[in-house]
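What follows is a set of notes on a single structure, which appears directly below.
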Amino acid sequence: MKKVVAALILILVQFHGFSTAPGDAIKITDDIELIKISENAYIHVSYSIMPKWGRVGANGLILINGQQAWLFDSPWTNAQTEKLLSYMTNSMHLEVIGFVPNHWHVDCMGGLEFILKQGINTYANQLTIDIAKANKLPLPEYAFNDSLVLELGDIRIECYYLGAAHSMDNIVVWIPSEQILFPACMVKSVESRNLGNTADGDLVAYPKTLDKLLKKFPSARIVIPGHGNYGGLELIQHTLELASD
């Protein structure tokens, strides 16, 4: 009897990721957690200590269809990325078939070296690849310029480069069927009082790029910033006000 109960508990733990309700959080380690935002999508949050900012959480996106998944942005490090992918593989029973970083910073592709070693297809803005190469960083395999359409079964994934903002190469990911928009660090949470790190960005182009974002995706239901809480279109409007100031 004890063995049967133990087996049932193991099964429940293995499928915990799929039994949670939207908004629920799954703690993987002290520095990695998942937040369910729809039946097919999770935000992965990883934490790192930054000298200027303290302990910072960075958001990424996991899109699931059946037993396959796409990963958008990695955790900060290869070690964190290994733990996230291990959980996705062993506990959620997913096969990660593709990866796209938002831009070249460590909170977007710090785990790229590990991802490449797993044989996962990796795609990025050509500008991201160029900047990563100049900084002697691991390089995504496949490049695009203005836009890229990907598929996860019958789910369409759209990637766009709308212009410089937080960085010169930042893109946005749009999942039409989910109405999920992932602009990452280009967009700030409503709690943010400034644009954060803009050392590698373009403050002149920033509001113009955000204006394009608002006009292109007026139906976005969920908007995921690079850091902090997700929300709706009000996040883009809030960031536009910060950028305009």
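A few comments on the model shown:
- Distance between segment 117-171 and segment 74-102 - C-alpha centres, whole angstrom: 17 Å
- GNM flexibility winner over the chain from T81, T122, T198 (Cα, springs under 10 Å): T198
- Cross-link reach list, lysines versus K52, counting only Cα pairs under 19 Å and skipping chain neighbours closer than eight places: K188
- Here the label points at K27 and A134, each 7 Å from Cα along the C-beta direction, are separated by 4.2 nm in the simple model.
- Two-site label geometry, E113 and A199: point separation in nm, points 7 Å out along Cα→Cβ: 2.0 nm
- Comparing M50, M92, M109 in a Gaussian network model of the chain, where Cα atoms under 10 Å apart are tied by springs, the biggest mean-square fluctuation is seen for M50.
- Working note: Karplus 6.51/-1.76/1.60 with θ = phi - 60° gives segment 185-199 the couplings 5, 4, 10, 9, 5, 5, 6, 5, 10, 7, 7, x, 6, 10, 4 Hz, where Gly and Pro are set to x.
- For L152, residues with placed amide H under 5 Å, excluding near neighbours: I157
- Cα→Cβ-extended label distance, 7 Å offset, between D211 and D245, nm: 2.0 nm
- Residues with amide H under 5 Å from that of I28, placed H, sequence gap 5 or more: E33, L34
- Between the amide H of M50 and those of R55, V56, distances stay under 5 Å, these residues lying 5 or more places away or on another chain, with hydrogens modeled in the peptide plane.
- Comparing A132, N170, Q67 along the charge dipole axis of the chain, the residue lying farthest to the positive side is Q67, per the Cβ-charge model.
- Residues of segment 123-170: accessible area per residue with a 1.4 Å probe, Å²: 49 Å²
- Here the 3J(HN,Hα) profile of segment 72-77, calculated from phi with Karplus coefficients 6.51, -1.76 and 1.60 at θ = phi - 60°, is 10, 6, 9, x, 5, 10 Hz, Gly and Pro shown as x.
- For the residues D200, D211, D154, a GNM of the chain with alpha-carbon springs under 10 Å puts the largest fluctuation on D154.
- Largest to smallest principal axis extent of the C-alpha atoms in segment 102-245, angstrom: 41, 37, 25
- Kirkwood-type hydrodynamic radius, segment 34-89: 12.0 Å, calculated from all non-identical alpha-carbon pairs.
- When only the Cβ of Lys, Arg, Asp and Glu is charged (+1, +1, -1, -1), the dipole of the chain relative to its Cα centre reaches about 420 debye.
- Listed values for segment 219-228 are Karplus-derived 3J(HN,Hα) couplings in whole Hz (6.51 cos²θ - 1.76 cosθ + 1.60, θ = phi - 60°), namely 9, 4, 9, 10, 10, 10, x, x, 9, x, and x replaces Gly and Pro.
The values are calculated or read from the model by the stated rules, or taken from the named source; none is laboratory data. Since this is a predicted model, take the numbers as computed values, not measurements. Virtual Cβ from ideal backbone geometry, glycine too; neighbours counted across all protein chains shown. Ligands, DNA and RNA are excluded from the accessible area calculation, which covers all protein heavy atoms including side chains. Shrake-Rupley method; radii C 1.70, N 1.55, O 1.52, S 1.80 Å.
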